[in-house]
Amino acid sequence: MKKLLSILLVSAMVVSLAACGLQTSSPAVSTEASGEESEKPAFDKLELLMFTGGYGDMWQEMVDLFKKTYPGVEVTAELNSETDDKVRARLMSDDVPDLIYVSDSTKFNQFEAAQSGMLRDMSDFIENDVTSDGRKVSEILNPSAIDNMKVGGKLYFPGIFSEYFGWFYNEKLYQDNGWEFPKNWEELNKLAPAMLEKGVEPFVYQHVIYGARGYVMTGLAAVGGEDAYRAACIDLEEGAWNGEAAHTVANNLNDLVKSGYFMTEALGMDFTQLQVDFMNNKLAMIPCGTWLEKEMEGYIPEDFKLRIAPLPMTGKDGKHYYSADQNKLIVPEAAKNVEAAKAFLGVMLSKEGQKIAAKYGNIPIVNDMDTESLKEYFSDSMLSIVEATQSNDLGFVNNIAYAWYPDLMDAIMNNLTDLVLGEITPDEFCTKMEEATKSVREDSSIAKYYTYEH
Amino acid sequence: MKNDLAKKKALFAAFVIPSLALYIYFVLVPFGQTFYYCMTDWNGMTKNYHFIGFDNFRKLFQDNEFWNAFFHNIKYCVYGGVIIFSMAIFNAVIVTQSNLKEKNFYRILFYVPNILSPVIICVIWSFIFSPNWGVLNSILRFLHLDSLQRVWIGDKSTVFGALLTVWVWCSIGFYMLLYIAAIEGIPKDVFEAAEIDGAGPWNQFWHVTFPLIKETTKTSLVFFFMNAFGGIFSIVHVMTNGGPSGSSDVLTNYMYNEAFKSSRFGYATAIGVFMILVISLVSGIMFALTRDKD
């Protein structure tokens, strides 16, 4: 009897261990086939793996719109903030989703994946497909959605939506104190003492990545035009970091720090603490993406007038610059339901899809965006960006270098920190960046995405 | 009788084989694969990669960031070792051999960090160390010691001490428990005999307790070195990700970033192999030095 009991217990243990491997349920995964089956599309299934993060319910609303547009299609959607950690394992397994949105290229580098042959060339979607409301993708998609997304001449990431990155501030704080958001570095330096007197830190970035993106990379373009940014961060040209733009950017920040106008305590705080300080009017401005409003929903005080402005720096071409980043949606080479994935992209590009994107801080990169009808969906801070995209006085630098050259980004972040800590001079910053760029340029194992033939 | 033996062996195998199979598949096989992947240029994605021999190790020996991270691991071993072991042994002696009524409370108090999630611990300590929000600087302000306030994890001169504090706080309880078990295993009559011979508390500790817990120290040191290289990862990654500017980086964090940020899985695996060799070498030397001489 005792032996029988022992054997039964062992069997139970083995069975339960085996069952662990078979469990697939997850609270974030939904599998539904929607309502009536009227006109059947050419696909019956779609699996999505999408990062949510600051986008909140955007992807869920897109899924709902897709189901309404294509009833009868079984949609499996994993939508949460942990998906970036799962993409690599899913792509290397036999269980591959059909459409994936990766937010953090430091967890999964989409360009590396394209180089490795894991992603599908989506050029046919751009050339041949239509949106769910019948508009030709080739006619409505802005060329900038395509230009930076190519790898070896193929388009792996239809960059349909763009999020923008600028400097957020509370317009009410400025109005109450009779301040105007500075238009250039001199104005910032003049305003800074008055801000400090009121207990408001004039200038800070809440994470060194944001400093690299919102200050260094945008600053290169602001001072030297887009060419200066491209030379330094995309084409990795010799001498680019020793040029006037790089020296001005380094010296400007160094002077600000030495004057006591940069909040060095921020280096020991995390970005949530700093964003809360911003909401409590302790910071005059912070760099962030257009997801900020949705991310901080519920924490923004009622009388807080959140606005966004470009980096207060200008130069050669007199333009101010924002940084931009296209959402890189990917379709794996091994996806089983490619037509369904294309149909989902078509839904995103529809007029209804654009409204959903607008609500959550994304701007469709289309030629026929109806700004008037989208105005009610954009927040006040977003509207200023939307207007900027239509203006010739403002420029945009694509943040793509972050994904292409992680080693270069590390160098920018480390040297930026050393500059702020006073460990290196502005000249040393430029020299070290020049060395780092040379190292990336000469490393044959790192794929290059030059603008032109070198 | 032979039948009984065979049945016992069959029963034994029925219990052991499933666990052994899982252990081989999920631990030993990946461990063995490590020694292959460290000699490739695998990027963690493609199935097309190349065998490159010892190139990753050649690169490793010329990589300043690697040596920077390794140096920090050595610092954690030295400083952490002295503080953790001395405090663990001290606490274990107090808990087992003193007349404190609150002994059990201290046992639980020191062990609590071991049952908390490492990420939660790191988030809590990030708030403690926050220059504007944090308890530490607030206490210093309250005590009119404003000049001692620092940007604890944002300043290169203080970040090591700050992370060391967190690691020590997390680690003491585990080693204390090992030493408590060791000390409670020492027969009471040994202490009685020492007392009769006139040995005071310090002499009892140095001549009775300490020699008799040597085996526990040997085992604990192996765990310690593994922790100093592997366990420290969560603290560094969550609190500073090796910053500011690499000043708190350790090998496991550097290895993680090389693998997942830079897609250099082959090179990251070589770093892992280096750590295995270092830990094995240090453990081997330590066992040799502490071996009982016949």
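Summary table below
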| read-out | value |
| --- | --- |
| Centre separation in Å (Cα based) which lies between the range A:187-206 and the range B:116-184 | 31 Å |
| Cβ-placed point charges (K, R +1; D, E -1), dipole of the range B:238-294 about Cα centre in debye, nearest 20 | 100 debye |
| Electrostatic dipole magnitude of chain A [Cβ: Lys, Arg +1; Asp, Glu -1; Cα centre; debye, to 20] | 840 debye |
| Semi-axes of the equivalent ellipsoid for the protein assembly as shown, Cα gyration tensor, largest first, Å | 50, 36, 26 |
| Residue-wise HN-Hα coupling along the range A:73-84, computed from phi with Karplus coefficients 6.51, -1.76, 1.60 (Hz; x: Gly, Pro) | 8, 7, 10, 10, 10, 9, 10, 7, 8, 9, 5, 4 |
| Other protein chain Cβ atoms within 10 Å, averaged over every residue that makes up B:150-156 | 5 |
| The range A:169-309: proportion of alpha-carbon pairs further apart than 18 angstrom, % | 58 percent |
| Which of A:Val75, A:Val130, B:Val16 has the fewest Cβ neighbours within 10 Å, and the rest in rising order | B:Val16, A:Val130, A:Val75 |
| Shape of the range A:399-454, Cα gyration tensor, a/c cut at 1.5 | prolate |
| Distance between modelled label sites at B:Phe105 and A:Asp303, nm, 7 Å Cα→Cβ extension | 4.7 nm |
| Euclidean distance of C-alpha centroids, the range A:158-185 and the range B:218-239, integer Å | 44 Å |
| Residue with peak Gaussian network fluctuation, chain B [Cα springs, cutoff 10 Å], from B:Val208, B:Val273, B:Val93 | B:Val208 |
| Leading residue at positive end of dipole, the protein assembly as shown (Cβ point charges), from B:Phe274, A:Ser116, A:Leu191 | B:Phe274 |
| Links that overshoot a 24 Å alpha carbon limit, given the list A:Lys86/B:Lys156; A:Lys438/B:Lys261; A:Lys86/A:Lys432 | A:Lys86/B:Lys156; A:Lys86/A:Lys432 |
| Order of A:Leu220, B:Leu281 under a 10 Å beta carbon neighbour criterion, fewest first | B:Leu281, A:Leu220 |
| 32 Å Cα-Cα threshold exceeded, pairs from A:Lys107/A:Lys319; A:Lys67/A:Lys107; B:Lys103/B:Lys218 | A:Lys107/A:Lys319 |
| Descending Cα extents along the principal axes, the range B:91-174, whole Å | 41, 30, 20 |
| Average beta-carbon neighbours from other chains, 10 Å sphere, peptide B:240-246 | 6 |
| Within the protein assembly as shown, helix-based [θ] at 222 nm, where runs of 4 or more DSSP H residues each add -39,500 (n - 2.57), nearest 500 | -15500 deg cm²/dmol |
| Lys, Arg +1 and Asp, Glu -1 on Cβ, resulting dipole of the range A:327-389 about Cα centre, debye, nearest 20 | 280 debye |
| Cut-off under 5 Å, modelled amide H: who pairs with A:Phe168 long-range | A:Ile286, A:Cys288, A:Ala309 |
| Positive-end extreme of charge dipole, chain B - chosen from B:Leu251, B:Ala199, B:Pro18 (charges on Cβ) | B:Pro18 |
| Three-way shape call for the range A:111-175 based on the alpha-carbon gyration tensor, with the a/c threshold at 1.5 | oblate |
| The range A:417-429 - phi-based ³J(HN,Hα) in whole Hz, Karplus 6.51/-1.76/1.60, Gly and Pro as x | 4, 5, 5, 5, 7, x, 7, 10, 8, x, 5, 5, 4 |
| Zone residues, the range B:157-196, relative to B:Ser86, backbone N less than 18 Å from point 7 Å out along Cα-to-Cβ | B:161-162, B:164-173, B:175-176 |
| Cα-based shape type of the range B:213-294, given that a ≥ b ≥ c are square roots of the gyration tensor eigenvalues and the cut on a/c is 1.5 | prolate |
| DSSP beta bridges in the protein assembly as shown [antiparallel fraction, %, rounded to 5] | 60 percent |
| Built amide H within the under 5 Å cut-off of A:His320, gap 5+ | A:Gly395 |
| Built amide H within the under 5 Å cut-off of A:Glu47, gap 5+ | A:Thr76, A:Asp98, A:Leu99 |
| Proxy reagent accessibility, fewest Cβ within 10 Å first, across A:Glu197, A:Glu352 | A:Glu197, A:Glu352 |
| Residue-by-residue Karplus 3J(HN,Hα) for the range B:77-88, coefficients 6.51, -1.76, 1.60, Hz, glycine and proline x | 4, 6, 5, x, x, 4, 5, 5, 5, 5, 6, 5 |
| Gyration tensor over alpha-carbon atoms, the range A:151-240, equivalent ellipsoid semi-axes in Å | 33, 17, 11 |
| Pairs from B:Lys75/B:Lys101; A:Lys258/B:Lys59; A:Lys150/A:Lys342 whose Cα-Cα separation, in the structure shown, is over 28 Å | B:Lys75/B:Lys101; A:Lys258/B:Lys59 |
| Relative contact order [Cα under 8 Å, 6+ residues apart], chain B, whole percent | 28 percent |
| Bins of 5 Å, starting at 0 and running to the largest distance - Cα pair percent for the range A:41-141 | 2, 11, 18, 21, 22, 18, 7, 1 |
| Cα pair distances in the range A:269-317, grouped into 5 Å bins until the bin that holds the longest one, percent each | 5, 16, 31, 25, 11, 6, 5, 3, 0 |
| For B:126-132, mean number of other protein chain Cβ atoms within 10 Å | 5 |
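Read-outs: derived from the displayed coordinates by stated rules, not from any lab. What you see is a predicted model; the values in this text were computed from it and never measured. Methodologically, a virtual Cβ is constructed for each residue, glycine included, from the backbone with ideal geometry; neighbour enumeration extends over all protein chains shown.
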